[in-house]
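The values are calculated or read from the model by the stated rules, or taken from the named source; none is laboratory data. Since the structure is predicted, the reported quantities are computational estimates derived from the model, not experimental observations. Cβ placement follows ideal geometry from the backbone for every residue including glycine, while neighbour counts extend to all protein chains displayed. Please note that ligands, DNA and RNA were not included when accessible areas were found on the heavy atoms of the full protein model with its side chains. Shrake-Rupley method; radii C 1.70, N 1.55, O 1.52, S 1.80 Å.
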Amino acid sequence: TAFVDAVLRPDRDAAAVVTFTGITRIDQPLTRERAALAATIEAVKVEHSIRDPECGDDDTIPPERKARCLTGVWDAIFLTVENVLAHTPASTRRAIVILTDGDDTSSVKRIYQAVEQAVQHNVAVYPIGIRDEDFEGGGGLRKEYLRNVAEGTGGRAFFPKNRRELDATFTQINQELRT
């Protein structure tokens, strides 16, 4: 919401909200409506944690339920380009701002395929690497992966440590998108 408030110009810019907890889902298609974007962002929540019984190794849990415990970062980038940004006018400045720890646990697509898809459609990716320090499990904050995606697409990776640095990150992204 802070990004939308700080960066989105309603008369000129559009944004979408895409979540990727297990399955990549377009929660809000491209819109200029700040209220719609804010409502969608507010509705995003972590439905499962690594401690949930259905996130374990139990083979009786259906795959579609277990998928909600995973994250497909590379699939999310690939599908956002393919299903959202590739359909915008070619003259449009296209960018993905993705908040993630970069610890991909379920993508079918590989990181290089996500980068190739973004480059093919002139999409810069701006990963914001965030991770709850108390979160147990996974591979941690994957800074190198996030830097590789950003550099490969003409974006830049950021790793804010607090809200003040996050706000500064949004300001920097805004400046880069406007030049």
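If a residue must be within 16 Å of residue 98 (Cα to Cα) and open to solvent by 60 Å² or more (accessible area, probe 1.4 Å), how many such residues does the range 22-41 contain?
Of the residues in that region, 5 qualify.
Out of (1) of a type in the set (Gly, Ala, Ser); (2) open to solvent by 70 Å² or more (accessible area, probe 1.4 Å); (3) more than 25 Å from residue 12 (Cα to Cα), what's the single condition that is false for residue 91?
Result: residue 91 fails condition (3) only.
Looking at the range 139-153 only, could you name the residues that are part of a loop (DSSP other than H, G, I, E, B) and under 23 Å from residue 2 (Cα atoms)?
Correct list: 141 only.
So, in the range 94-131, exactly how many residues are buried (at least 20 other Cβ atoms within 10 Å of the Cβ), among the polar types (S, T, N, Q) and assigned to a loop (DSSP other than H, G, I, E, B)?
Of the residues in that region, 1 qualify.
Regarding residue 141, is this residue on the phi < 0 side of the Ramachandran plot, open to solvent by 50 Å² or more (accessible area, probe 1.4 Å) and touching a Lys or Arg at 6+ places or on another chain (Cβ under 8 Å)?
Yes.
Could you list, ordered by first residue, the pairs with Cβ atoms under 7 Å in which the first is in the range 95-108 and basic (Lys, Arg) and the second is open to solvent by 40 Å² or more (accessible area, probe 1.4 Å), at least 6 apart or interchain?
none
Just for the range 1-21: of the residues that are surrounded by fewer than 14 Cβ atoms within 10 Å (Cβ to Cβ) and hydrophobic (A, V, I, L, M, F, W, C), which one is modelled with the lowest pLDDT?
So, considering only residues that are surrounded by fewer than 14 Cβ atoms within 10 Å (Cβ to Cβ) and hydrophobic (A, V, I, L, M, F, W, C), the one modelled with the lowest pLDDT is 6.
Within the range 69-86, which residues are open to solvent by 30 Å² or more (accessible area, probe 1.4 Å) and of a type in the set (Ser, Thr, Tyr)?
Matches in the range 69-86: 71 only.
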